[in-house]
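Participant: Next up is a structure, given as structure tokens.
The values are calculated or read from the model by the stated rules, or taken from the named source; none is laboratory data. Quantities reported herein were computed from a predicted structural model and do not represent experimental measurements. Cβ placement follows ideal geometry from the backbone for every residue including glycine, while neighbour counts extend to all protein chains displayed. With ligands, DNA and RNA removed, areas are computed over all heavy atoms of the protein, side chains included. Shrake-Rupley method; radii C 1.70, N 1.55, O 1.52, S 1.80 Å.
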Amino acid sequence: MASEQDKAKQSWHALDTSEVFQRLESGEKGLKATEAARRLERYGPNELPMVKGRGALMRFLAQFNNVLIYLLLAAAVITGLLGEWLDMGVILGVVLINALIGFVQEGKAEKSLDSIRNMLAPSAVVLRDGNKQDLPATKLVPGDVILLKAGDKLPADVRFFKVRDLQVEEAALTGESVPVDKAADPVEEDSSLGDRSGMGFSGTMVTYGQGHGVVVGTGKDTEIGRISEMLSDVQSLTTPLIKQLARFGNLLSVAIIGMAAVTFAFGYLFQGLAPGEMFMAAVGLAVAAIPEGLPAIVTITLAIGVQRMARRNAIIRSLPAVETLGSVTVICTDKTGTLTRNEMTVQTLRTADRSVTVSGVGYAPEGAFRQDHAAYDPLADERGVQEMLRSGLLCNEAEIVQAEEGWKAQGAPTEAALVTAALKAGLSQKEENDRHARLDVIPFSSEHKFMATLHQDAQGGRLIILKGAPEKVLERCENQRSEGGEAPLDTSFWGREEQRIASKGQRLLAVAMRRVDEGRERLTMDDVAGGFTMLGLFGIIDPPREEAVEAADKLIGDCEIRVNCHSAGINVKMITGDHVVTAKAIGFKLGIGDGETALTGKDLDAMSDDELRQRVTDVDVFARVTPEHKLRIVTALQARNKIVAMTGDGVNDAPALKRADVGVAMGRSGTEAAKEASDMVLADDNFASIANAVEEGRTVYDNIKKAILFILPTNGGQALVVIAAIFLGLGMADAVNGFSLPISPPQILWINMVTAVSLALALAFEPAERNVMRRPPRKPDEPLVSRFLLWRISFVSVLLTIGALGHYLFMLDGGSTQELAATTAINTLVFGQICYLFNSRFIYESSLNRTAFLGSSAVLWSILVLVVLQLAFTYAPPLQFLFRTEGLGLGPWLRIFVFGIVLFLLVEGEKFLWRRSGAVH
């Protein structure tokens, strides 16, 4: 039996129920208890297998596996060798903070598996030995027969063999926006997951009716189990920023080691300096060149981005995802509940005489009626639209109620949509039900696909209202209602109108009525066999969110601004389990796709991975897809060098969320599996919040670049001072201290860890630049430090070196002590940094304006803090003793001030020349 089960587990839906029982060696009365026990031992309990993740210690140690962390640890060792224990403690503190942040963010996959495991039903009603038993779901085995009713959660994958009006909510698994009718009949073998009407899937919910099913899959052999396995197999990709920082760290470490080696060799071989002295000089050079504060600045900038995004309803679960959002080139989004409201809405009313559109979305009874773009009063036409709306309200089991969070539906979504449409017209559900008392009802069933109700009007007459699938209602109609009274039914007219409305992605319901004799108290199937008058068609859809339309336009771009809006902006793709016609219509309303082109799950199954990679960038709408399809689409896009964000709310989205560069889950409607697999959770379930998050992500990346552009010239300037001192023989030697560099390693660490960091922190608070959402996403392989930025860093490094070293030599020529000259050089570097901070607020644009100087309180506060610290460094006796500094007079301060102004103007001149050349934009 096991081999047969494995062989057929993907095609139970295509088998006749008798063959299903034969393969499972079971029957409609279920298994014997002894056989069930044997199978339980053979197949194991009906639960998802536990996947053991890395231990806490290994996860913590893994946070140190980064080149920049290696550089920081090297800096800590060096400062320890120099006896600077305080500085060593500061550096190790930075390393520890970085490691703790990464450690807290780890473990998404393990939590995802736990949340999926929790979706399984705790118990089930099972037939064993021909008797009903309430057993734990973990005891179920293939071949068990289970009994299901409304409100039950399916405990395993089952093949239905007996159903009565059975409907199952499968949105979390398939993306279907309304409950699905179930049947016992087989379907085509290549049917998509959402079209397998004879199957029930573990973790889904029965919303209506009853059913009997035979278990065909338990534990990891269920659809939800396959998703769990996919999650454990899916590898999360590293982010663009982490890649760039790693590449930058590698290059920087090689450059530092190379410079230190060359400097050591030159000093020893050509300057005649002792190996011990040159070793300490090389250490000083390494300390000068390592940007100790950079990882801390990057982490803090990302953390500030997290806080900003939280204020805009985007909750970040993975810190690097903040920046990754700024580099996203494609957003793959689910439809139901993400782009749409997951609230069915009537948008079209079609009678024999007119077509009326209804505005408003969701269940709030607010909206207008229009015919041919003009306002229309539905209550003015008592025998047309008004009668159609009233009939839809009376033949109905749903209600809408106003809760704290808004209007909510109680009952089936499609029926709630009819109630909402009637209330928009001004009808009252209570008054109409009182005026037309219901006497009997034939409930909706998946077998006959209609509902009928018998009513008594105020005059004592009897009225039957019929509502259901158009083909079932029309075949029972003889006439149609029109303004002139009743006319013979025009079936070709209604067929054309069905196609027209359905082409908009709207689901159709028809409503008809029939007068019967007074005194009728009961309804039978013979009463609804024929003789009805067709009233009209309802066109119902789960509409796109209005804010989602605006957000998609913002992300894709404005064609008036850009020559090619799709290539210049972010490409948005819809990936849904819903029907292809609905997906294309919703996509077209959102500006996603052309309304004609789409790929279905069947199309994807027929494609190889190479074929999918070729097509995936050209198609924006994917319908009737499974979790595997979603994962293949995301992987294919990444193979085309795209940075992919994936949004979703169902358990079926979890594997793709984890694989995507940025996984975005819905906070309100999202399953825990989706949230735990994601990098970001939208607190308001609003697609528009993604646009805000992208804006913040781009701002974060800009600010990180500004921080790097600010910090590295400081390191470059200090390193060049050390190199120049060795190559030009400018170091001083005395009997007490040995060989002395213009700036000692402890003084270098002061500049790197105190002054540079305190100033660079201000750049983390920079607001978004004006064009941040009007420029294309940066290329994924774009280096963190471009050629232009490398030029700027080198240019400013040279300026700082000239100012600091020149002032150092000037002070020595004037008879100053080495300590006074070094103090002057350090303050020259620091004031140059302060002036350069204003340059760095705008990488390309001019800083010669009021905004650059006074537009950021963070910049002004950081300068104030630094001035206090630097004055203490220069004049406070404890710090003078610790760092070997001396107080400066007025003359050096004036020269320092002039140098800072000159540096600022020279950088602004360089910006002007770049802008004038057109090389930057």
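Participant: Taking H as built 1.01 Å from N, whose amide H comes closer than 5 Å to the amide H of Gly536, not counting residues under 5 places away?
Facilitator: Excluding prolines and chain starts, which carry no amide H, the hits are Val511.
Participant: So, one more: With all pairs of different alpha carbon atoms counted, what Kirkwood hydrodynamic radius in Å does the chain show?
Facilitator: Result for the chain stands at 32.2 Å.
Participant: Go through 647-656, 788-797 and give me the packing order, highest mean Cβ count within 10 Å leading.
Facilitator: 647-656, 788-797
Participant: Hand me the GluC sites (Glu not before Pro) from the range 150-217 located in a DSSP loop with no more than 13 other Cβ atoms within 10 Å, in residue order please.
Facilitator: Loop-located and lightly packed - Glu188, Glu189.
Participant: Can you pull the percent of the chain's accessible area that's carbon plus sulfur, 1.4 Å probe, other chains left in place?
Facilitator: The nonpolar share, carbon plus sulfur, comes to 56 percent.
Participant: What pairs in Lys153/Lys182; Lys153/Lys424; Lys162/Lys472; Lys335/Lys706; Lys424/Lys589; Lys139/Lys220 have C-alpha atoms more than 26 Å from each other?
Facilitator: Beyond 26 Å: Lys153/Lys424; Lys335/Lys706.
Participant: Right, something else. What is the list of residues in the range 878-916 whose amide nitrogen lies under 20 Å from a point 7 angstrom out from the Cα of Trp85, following Cα to Cβ?
Facilitator: Output list for this probe position: 878-884.
Participant: For the range 350-463, just say rounded, prolate or oblate: build the C-alpha gyration tensor, square-root its eigenvalues into a ≥ b ≥ c, call rounded for a/c under 1.5, and beyond that prolate if a/b exceeds b/c, oblate if not.
Facilitator: oblate
Participant: If each of Ala374 and Ser608 carries a label point 7 Å out from its Cα toward its Cβ, how far apart are those two points in nm?
Facilitator: 6.1 nm
Participant: Here is a follow-up. Helix-derived [θ] at 222 nm for the chain: sum -39500 (n - 2.57) over DSSP H runs of at least 4, divide by residue count, nearest 500?
Facilitator: Estimated from H runs of four or more residues: -15000 deg cm²/dmol.
Participant: Okay, next question. Would you mind checking which residues have amide H under 5 Å from Thr345's amide H? H placed 1.01 Å from N; only 5 or more apart, or other chain.
Facilitator: Answer set, sorted by chain and number: Ile541, Asp542.
Participant: Still on this model: Based on the alpha-carbon gyration tensor of the range 302-371 and its eigenvalue square roots a ≥ b ≥ c, which shape applies: rounded if a/c is under 1.5, prolate if not and a/b is larger than b/c, or oblate?
Facilitator: Prolate.
Participant: What length, rounded to one decimal in nm, is gained on full extension from Ala858 through to Glu19, with 0.36 nm per residue of separation minus their alpha-carbon distance?
Facilitator: The Ala858-Glu19 span can extend by a further 294.7 nm.
Participant: Quick one: 3J(HN,Hα) in Hz for the range 619-626, Karplus 6.51/-1.76/1.60 with θ = phi - 60°, rounded, Gly and Pro as x.
Facilitator: Along the range 619-626, the couplings run 10, 10, 10, 10, 10, 6, 9, 9 Hz.
Participant: How much FRET efficiency would the formula 1/(1 + (r/R0)^6) give for Glu910 and Ile242, where r is the Cβ-Cβ distance and R0 is 25 Å, rounded to 0.05?
Facilitator: The pair Glu910/Ile242 has a calculated efficiency of 0.20.
Participant: Return one whole number: the accessible area per residue of the range 374-456 in Å², for a 1.4 Å probe.
Facilitator: In whole numbers, the range 374-456 has 44 Å² accessible per residue.
Participant: Further question: What is the Cα coordinate range of the range 128-202 on the first, second and third principal axes, sorted by size from largest, in whole angstrom?
Facilitator: 35, 23, 22
Participant: Ordered by packing density, taken as the mean number of other Cβ atoms within 10 Å over each peptide's residues, highest first, how do 149-158, 458-467, 822-831 rank?
Facilitator: 822-831, 149-158, 458-467
Participant: Sort Arg383, Arg507, Arg778, Arg884 by heavy-atom solvent-accessible area, probe 1.4 angstrom, most to least.
Facilitator: Sorted by accessible area, descending: Arg383, Arg884, Arg507, Arg778.
Participant: Taking the alpha-carbon set of the range 290-434, what are its Rg and Dmax in Å?
Facilitator: In Å, with Rg to one decimal and Dmax whole: 23.7, 83.
Participant: Per the Debye formula with a single identical scatterer at each Cα and no solvent contribution, what log10 I(q)/I(0) holds for the range 162-217 at q = 0.18, 0.30 Å⁻¹?
Facilitator: Evaluating at q = 0.18, 0.30 Å⁻¹ gives log10 I(q)/I(0) of -0.55, -1.47.
Participant: For Leu73 and Glu399 in one chain, what is 0.36 nm times their gap in residues minus the Cα-Cα distance, to one decimal in nm?
Facilitator: Taking 0.36 nm per residue and subtracting the Cα distance, the gain is 110.8 nm.
Participant: Here's another thing I want to ask about it. Quick one: if you stick a label point 7 Å off each Cα along the C-beta vector at Glu782 and Asp129, how many nm between them?
Facilitator: Taking the simple label geometry, Glu782 and Asp129 are separated by 7.2 nm.
Participant: Using +1 at the C-beta of Lys and Arg and -1 at the C-beta of Asp and Glu, which of Ala183, Gly536, Phe883 has the Cα lying farthest in the positive direction of the dipole of the chain?
Facilitator: Sorting the options by dipole projection puts first Phe883.
Participant: Continuing with this model, one more query. Please state the charge dipole magnitude for the chain, taken about the Cα centre, from unit charges on C-beta atoms (+1 on K and R, -1 on D and E), reported in debye and rounded to the nearest 20.
Facilitator: Dipole magnitude for the chain comes out near 2040 debye.
Participant: What's the local net charge at Leu325, with K and R +1, D and E -1, over the other residues with C-beta under 10 Å away?
Facilitator: -4
Participant: While we're here: Using alpha-carbon pairs under 8 Å, 6+ residues apart, how would you state the relative contact order of the chain in percent?
Facilitator: With pairs under 8 Å counted, the relative contact order is 13 percent.
Participant: Using alpha carbon centroids, what distance separates the range 419-447 and the range 383-407, in Å?
Facilitator: With the range 419-447 and the range 383-407 each reduced to a Cα centre, they are spaced 7 Å.
Participant: Still on this model: Taking the full set of protein chains and a 1.4 angstrom probe, give the accessible area of Leu809 in square angstrom, rounded to the nearest 10.
Facilitator: Looks like 60 Å² after rounding.
Participant: Which one of Leu866, Pro892, Val902 has its Cα pushed farthest toward the positive end of the charge dipole of the range 862-920, where Lys and Arg give +1 and Asp and Glu give -1 at the Cβ?
Facilitator: Val902
Participant: Peptides 768-775, 320-327: what's the order by average Cβ count within 10 Å, highest mean first?
Facilitator: 320-327, 768-775
Participant: Taking the Cα centre of the range 349-449 as origin, sum charge times position over the Cβ atoms of Lys and Arg (+1) and Asp and Glu (-1), and report the length of that vector in debye to the nearest 20.
Facilitator: 200 debye
Participant: Let me ask another. Ordering Arg659, Arg438 by accessible area with a probe of 1.4 Å, largest first, what comes out?
Facilitator: From most accessible down to least: Arg438, Arg659.
Participant: Please report, in debye to the nearest 20, how large the charge dipole of the range 648-728 is about its Cα centre when each Lys and Arg carries +1 at its beta carbon and each Asp and Glu carries -1 there.
Facilitator: 440 debye
Participant: Now for a separate question. Calculate one ³J(HN,Hα) per residue across the range 891-907 by plugging θ = phi - 60° into the Karplus curve 6.51 cos²θ - 1.76 cosθ + 1.60, and present them in order as whole Hz with x for glycine and proline.
Facilitator: Result, ordered by residue: x, x, 5, 5, 5, 4, 4, 4, 4, x, 5, 4, 4, 4, 5, 5, 5 Hz.
Participant: Using modelled amide H (1.01 Å from N, peptide plane; none on Pro or chain starts), what sits under 5 Å from the amide H of Gly217, excluding residues fewer than 5 places away?
Facilitator: Asp157
Participant: At 1.4 Å probe size, with every protein chain present, just tell me what the per residue accessible area of the range 839-921 comes to in Å².
Facilitator: Accessible surface, normalised per residue, equals 57 Å².
Participant: So, one more: Once Lys and Arg get +1 and Asp and Glu get -1 on their Cβ, which of Leu349, Leu166, Thr647 lies farthest toward the positive end of the dipole of the chain?
Facilitator: Going by the charge dipole, the pick is Thr647.
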